[in-house]
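Working notes, beginning with the structure itself.
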2 protein chains.
Amino acid sequence: MKPYLKEDPWSIIEEGFDKDKHEISESVFSLGNGHMGQRANFEETYTGSTLQGSYMAGVYYPDKTRVGWWKNGYPEYFAKVLNATNWIGLDISVDGTELDLNRAEVNDFVRELNMKEGYLKRSFRATIADGKDIKVEATRFVSVAMKEIGAIEYKITPLTFDGELTLRSYLDGDIMNKDANYDEKFWSKVSESAEGSRAHVTVKTKKLDFVYASLKETKVVHAGEEISPAECKTAEKYAEVTFTAPLKKNEATTIYKFAANVTNRDHEDQKLLDVAKEKLNQAIEKGFDTLKKEQADEWNKKWEDSDIVIEGDVAAQQGIRFNIFQMNQTYTGEDARLNIGPKGFTGEKYGGSTYWDTEAYCLPFYLATADQRIPKNLLVYRHNHLEKAKENAGKLGFTKGALYPMVTMNGEESHNEWEITFEEIHRNGAIAYAIYNYVNYTGDKSYIGELGIEVLVEISRFWEERVHYVPKKDVYMMHGVTGPNEYENNVNNNWYTNRIASWTLEYTLFALDYLKDSDPELYKKWITKLDLKDHETEKWLTIIDKMYYPEDKENGIFLQADNFEDKEIMPVSDLDEKHLPLNQNWSWDRILRSCFIKQADVLQGMYFLNHEFDIETKKRNFDYYEPMTVHESSLSPCVHSILACELGYKEKAYEMYLRTARLDLDNYNNDTEDGCHITSMAGTWMSVVEGFGGMKVKNDQLILNPFIPGQWSSFSFKVVFRGTRLLIKVTQDQVVVNNETDVKADLVIHGETYSLDGKGELSINH
Amino acid sequence: MKPYLKEDPWSIIEEGFDKDKHEISESVFSLGNGHMGQRANFEETYTGSTLQGSYMAGVYYPDKTRVGWWKNGYPEYFAKVLNATNWIGLDISVDGTELDLNRAEVNDFVRELNMKEGYLKRSFRATIADGKDIKVEATRFVSVAMKEIGAIEYKITPLTFDGELTLRSYLDGDIMNKDANYDEKFWSKVSESAEGSRAHVTVKTKKLDFVYASLKETKVVHAGEEISPAECKTAEKYAEVTFTAPLKKNEATTIYKFAANVTNRDHEDQKLLDVAKEKLNQAIEKGFDTLKKEQADEWNKKWEDSDIVIEGDVAAQQGIRFNIFQMNQTYTGEDARLNIGPKGFTGEKYGGSTYWDTEAYCLPFYLATADQRIPKNLLVYRHNHLEKAKENAGKLGFTKGALYPMVTMNGEESHNEWEITFEEIHRNGAIAYAIYNYVNYTGDKSYIGELGIEVLVEISRFWEERVHYVPKKDVYMMHGVTGPNEYENNVNNNWYTNRIASWTLEYTLFALDYLKDSDPELYKKWITKLDLKDHETEKWLTIIDKMYYPEDKENGIFLQADNFEDKEIMPVSDLDEKHLPLNQNWSWDRILRSCFIKQADVLQGMYFLNHEFDIETKKRNFDYYEPMTVHESSLSPCVHSILACELGYKEKAYEMYLRTARLDLDNYNNDTEDGCHITSMAGTWMSVVEGFGGMKVKNDQLILNPFIPGQWSSFSFKVVFRGTRLLIKVTQDQVVVNNETDVKADLVIHGETYSLDGKGELSINH
């Protein structure tokens, strides 16, 4: 698709209304504040194609699994992000004609997602009947300061006539998920009311007893006067208040709608309405403008922490800010029960909320841009699910250990493709790796003894049982897995999986030793609690020692899996373009037996365990696998971009960066209407900071190896590290580092060690 | 489950009514005549668990596919055997109380499937109210002589009272398939009527326009007098005629119901009712007893051709006859548009009708027991589907050749598991092999030039494109397949698939040479029509020459697939019994990475291409694979039994025979309520004739190597071969062969050649 959004450093802007792109825009212009999210649906009735979407973080539903052919071990239920009460609805009629952009003539349509201040604005002129032109300006946001509050300002100005406005301001809780497997509704009625200018709808999920109350107040102001409501009405799971107001030519009539959206995840069931009332009253007291000002302040703080500035390339600047904005909209790290869904609050595809994406792609963003407790909560989330992960391993026949699910909302497996659910077990390694990554970055080794060791031991126990010994070859192997490259399924000895499994054992043994040395009491407590036996750790040593890795020793290449080189090897560039993307053009068997790679696999290992391999080894493997990689996962280009930076492949690094940075803005994968690719956005951040910035942490040192694409005049980013926050600016000639804190910072740039005083600045030519 | 059926050489008998076993019995006691089939449902109302099932051969429905996760190349529709108008229904009320065996006290219940004469009989006493005991005797059959006629005789005798019978004799066309993917009904109304003692319902499938008319006549006779109908009624897709009749203590009141069931597969739409009327009139004119006599005569003829007699073991006798009976009920070979569904007319699971089962397991039965045109029609069926098979290959990205579907009703693929649908391609080899098998058995080489060559060339073209060349090793390989052992998926170089692919190329080249020599004109015609180029056949020679076969050369074992020996190798006997059957106890990944084998795979190759391997090779491979085989496919034990016979493993042969012979009678797999395992029944026949009988055809000679299990005193079977029919009887001491025809027969027994004059007898001690 041709890009249709205007380039701008701080806003996403759509000029002119195109019905065919509306659902894409609904995704791209979504709002969220970590507690709730809202697709960029129109407030007023829209009869064209739309995916109405309002989501509450952590409110999910166990939809009945749909399969073609049942396999033992499949989960009965598939936890799904729940589409919930529509709280934005404003039905607008002018002299009896309903405003509907699908039917009206629309001019001067502008939609703007203001990322700097965190709001969505829309303005347009519409001819709704002969000679009746109106102008509308609608602004809304979900408050960061008051996470349960959503606010709308909706101004209507008749341009050519005097008339009458009829407004139905409603809450609709009779919502169905678009992705419901059996077209069932998941919400049942609790209560609804409409009285004066207020209305509420409380609904409850048919399973799991999530209760969600939405309480709203509507104000209609004309010529400085507040209009009284005309009528109140309720129906099951529905409440509305109707107003009629005068419309005077060239005078604005303004509607304000405030909603308090609360759930029993945060409050007692019985108090939900009281809480909502309290929050709503506070919000109304502040008023729309004050709330909007607070919103700008809150977003200003977020940008202060996490902004990346790119000079000389507006499209790149807009792309990276969009990604950072969406990351911050999706997850704030305040609530350890939450995680980062692949679509965030922008759509409902992929049902479950948590994938290995969180550990592999999102954690580094929060490590480097947020307070330590925020990435830590991502680890605690998995610790909270440990018992479920042990049950999951049990269901698959293991006598001990934990297998974390591929997709989950509450710790239970939600996915049901055997080749993924049962076999894509490398996810377990990423969850162990995240502990290492957190400890390595923050230096917070206390987490090992606090909770980390328990997760590490149970994952190690899983690997111990999952490998098998082959006497003839005196090695341990792992059969029947799917690696990160999902374009191979059910392979034997996926190099990455074998390596990350063995690495988990190594790191767990390291963590045990560390505990034993640093806190023998705590060590003993864990050994007892975990009932960890010597024969287990001894077995782990043996497995580490005898793990089999498929290799082409002659050419110095790690093989993605057994017999990989027996495939018909060819570069993607030899394929006629009509075959791409493969997943839309080839049958699954053809993809599987081809050499083409969906996303980094061996190279994922080179990225994670970067320090284990010399540059020549990385180069050989990159040179072998990169040409076969089709990057049909949004998670792929970032890893390639980072490695390309390290290897000095400047053009390749920039090419890969472009594939990830504007994925949704340019609807690169032609699926943005389903929602944005939230988790891969963190990958984009990684491309800039770990790729172009060359940032690593090794032996408690922050390391930078920056290089700047020729297309940019400069780029800068901030990282928090061990109590400091550094602003790093890279130009074509220089690296300039500013220490924004009072704490002294040590760092290594291009191999040289520097020490930077509090508030100090450092410039290096390169 | 404990066996509950009585042993009897000619009948299946259930004594005593057990509601929990009713659905199993409904399957086991099913009736069929190749044109239609009927589960052994009760005629009267039954409110307990039941699967009402009436099926018309070749009438199917493209139900919308259900998948969890869509893959490119999946079929949109899944053709399903259609459950159709219930024509057996008789609602019986006695003095206002409905007869329902779920609620009445039932005594002296006997259900009998008389296989000798082809009817189902049921008798019981029921206490339907205080002091009201009745006796019922119900007999029914679907006529072999008049394939569109079904007939019921239903006698009611009050034992303890005088009263009144109310009978509603109905046709119900408002039927839903139990296995409908989205609970949709597939039939729509055409017309219905009820007048006098007749009623009809005509329905039409919502897609594909199959029209099915059922016309019935009901007669009620009491004390020699025919009772007039009391009332007629219709509703949408429904018609009934009601009778009231006197019930006199110890006097039978008899209901006769005759139904003519016709479809537009056989007759013009407009004439359906006329045809039905004509058939029904003929049937009524004959009357129930004459029709029943005809039925016995027809079945007598079938037994004359295909009976196997086992002396000294009633259970074995009953088992083999049940299998032969069901085979003959399912497929008569009259109609080349039909084939043999895995459940026949006994249930609706597995949706589609045709699997490779037909070629691999059913063909030999029809080759040896039926007129040559009947097995030939099974080949013509696939030839009729050749264009669809070419389209199917095209859909999967092949530029030429034919890939027959895994499951089909009309030539289109119906299945949607990628690892089966796209990868279990060895089925293509079985379809080629069936041509060889037919030609080899019958000597009818003319089929090659008539139709066979076209199928062979298109399948060979598929294999040519499906293999790939590995320059480093100078071999052709085949990656990403699933072999006959579905407990491995997506493997590389499945030995069986590689071998049957290469064999197809060999046989196609042989067939082309044969044509060129024997009929150069015809050869030229085909070369032109098929546009077959020299470079294609040359490529086939190269592939044959360089095909890669995984082998353990040291131990002389063909490996099921690459790296098979890297698995954890252990015999089934080392498993704790609680793990069996694996498919009910293990998750799919665990099954896949284990060494355990669902059904013959390498050994399937040893069976098909038996003549290619010396006895030692077969022995080594059998000894290696048999202990790892769990036989969780009903198609597995027969192949093992046949090979065990050849290798002289008598105990193993008999053990395997027992697993196949009474599979449904003893509900061995605990799933007979879904229907009987029709296609594996042909495998049971093979176990006796090709296994214990040791029958083969080689170089146009019939070869026998009989051996008799110690448990039997004798067994005998008949085979038609090249114009003769031989009765072969094997006792513990002797083999006796009777030539039932006037044609001289040559045969080889235990390596010696014998010539047997017309009507001659031959006895050999062994």
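Annotations for the structure displayed:
- A search for C-beta distances below 6 Å between a residue of the range A:215-227 that is within 29 Å of A:Lys271 (Cα to Cα) and any residue that is basic (Lys, Arg) and open to solvent by 40 Å² or more (accessible area, probe 1.4 Å), counting only pairs 6+ apart in sequence or on different chains, returns A:Glu217/A:Arg198.
- Residues of the range A:469-493 satisfying the condition of being hydroxyl-bearing (Ser, Thr, Tyr) and either within 10 Å of chain B (Cβ to nearest Cβ) or surrounded by fewer than 22 Cβ atoms within 10 Å (Cβ to Cβ) (or both): A:Tyr469, A:Thr482
- Scanning the range A:23-42 for residues that are closer than 30 Å to B:Gly68 by Cβ and over 22 Å from the mean Cα position of the chain (by Cα) yields nothing.
- You will find that of A:Tyr436, A:Tyr447, A:Tyr381, the residue that is over 30 Å from B:Asn583 (Cβ atoms), open to solvent by 20 Å² or more (accessible area, probe 1.4 Å), away from every other protein chain (no Cβ under 14 Å) and of a type outside the set (A, V, I, L, M) is A:Tyr436 and no other.
- For first residues located in the range B:686-697 and more than 15 Å from B:Ala316 (Cβ to Cβ) and at pLDDT 95 or above, partners that are polar (S, T, N, Q) and part of a loop (DSSP other than H, G, I, E, B) and lie 6+ apart or on another chain with Cβ distances below 9 Å form the pairs B:Gly694/B:Asn705; B:Met695/B:Asn705; B:Lys696/B:Asn705.
- Listed conditions (1) open to solvent by 10 Å² or more (accessible area, probe 1.4 Å); (2) on the phi > 0 side of the Ramachandran plot are all met by B:Gly333, apart from (1).
- The set of residues from the range A:395-428 being among the acidic types (Asp, Glu), open to solvent by 10 Å² or more (accessible area, probe 1.4 Å) and within 9 Å of chain B (Cβ to nearest Cβ) comprises just one member, A:Glu417.
- Selection within the range A:294-327 - among the aromatic types (Phe, Trp, Tyr) and either surrounded by fewer than 23 Cβ atoms within 10 Å (Cβ to Cβ) or assigned by TED's automatic domain parsing to the domain that holds A:Gln282 (or both): A:Trp299, A:Trp303
- Some residue of the range A:673-681 being within 30 Å of A:Ala370 (Cα to Cα), in contact with a His (Cβ under 8 Å, 6 or more places away or on another chain), more than 14 Å from chain B (Cβ to nearest Cβ) and open to solvent by 10 Å² or more (accessible area, probe 1.4 Å): no
- Residues (in contact (Cβ under 8 Å) with a residue 40 or more places away in the chain, surrounded by fewer than 16 Cβ atoms within 10 Å (Cβ to Cβ) and farther than 24 Å from B:Asp444 by Cβ) located in the range B:700-750: B:Gly710, B:Gln711, B:Ser713, B:His750
- Within the range A:111-147, the set of residues being open to solvent by 50 Å² or more (accessible area, probe 1.4 Å), of a type outside the set (Asp, Glu), closer than 20 Å to A:Leu665 by Cα and touching a residue at least 24 places away in the same chain (Cβ under 8 Å) comprises A:Lys116 only.
- Check on B:Ile500, open to solvent by less than 20 Å² (accessible area, probe 1.4 Å) and assigned to a helix (DSSP H, G or I): yes
- Which listed residue, of A:Lys237, A:Lys233, A:Lys257, is among the charged types (D, E, K, R) and at positive phi: A:Lys237
- Where A:Gly34 falls short, out of the listed (1) within 14 Å of another protein chain (Cβ to nearest Cβ); (2) surrounded by fewer than 24 Cβ atoms within 10 Å (Cβ to Cβ): (1)
- Taking the range A:43-55 as the range and being open to solvent by 10 Å² or more (accessible area, probe 1.4 Å) and within 24 Å of the chain's Cα centre (by Cα) as the test, the residues that pass are A:Thr50, A:Leu51, A:Gln52.
- Restricting B:Glu217, B:Glu226 to residues that are surrounded by fewer than 18 Cβ atoms within 10 Å (Cβ to Cβ), at pLDDT 95 or above and in a strand (DSSP E or B) narrows the list to B:Glu226.
Let's see how each residue does on (1) of a type in the set (S, T, N, Q); (2) within 28 Å of the chain's Cα centre (by Cα); (3) part of a helix (DSSP H, G or I); (4) at pLDDT below 95:
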{"position": "B:Tyr256", "(1), (2), (3), (4)": "no, no, no, no"}
{"position": "B:Asp274", "(1), (2), (3), (4)": "no, no, yes, no"}
{"position": "B:Asn281", "(1), (2), (3), (4)": "yes, no, yes, no"}
{"position": "B:Phe288", "(1), (2), (3), (4)": "no, no, yes, no"}
{"position": "B:Gln295", "(1), (2), (3), (4)": "yes, yes, yes, no"}
{"position": "B:Lys301", "(1), (2), (3), (4)": "no, yes, yes, no"}
{"position": "B:Arg321", "(1), (2), (3), (4)": "no, yes, yes, no"}
{"position": "B:Leu338", "(1), (2), (3), (4)": "no, yes, no, yes"}
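- Any hit, the range B:611-628, residues being among the acidic types (Asp, Glu), in a helix (DSSP H, G or I) and open to solvent by less than 10 Å² (accessible area, probe 1.4 Å): no
- Test: A:Glu632 is closer than 21 Å to A:Trp685 by Cα and within 14 Å of another protein chain (Cβ to nearest Cβ): yes
The values are calculated or read from the model by the stated rules, or taken from the named source; none is laboratory data. Small disclaimer: the values here were computed from a predicted structure and weren't measured. When we count neighbours, we look across all protein chains shown, and the Cβ atoms used for this are built from the backbone with ideal geometry, even at glycine. The accessibility values were calculated without ligands, DNA or RNA, using every heavy atom of the protein model including side chains. Shrake-Rupley method; radii C 1.70, N 1.55, O 1.52, S 1.80 Å.
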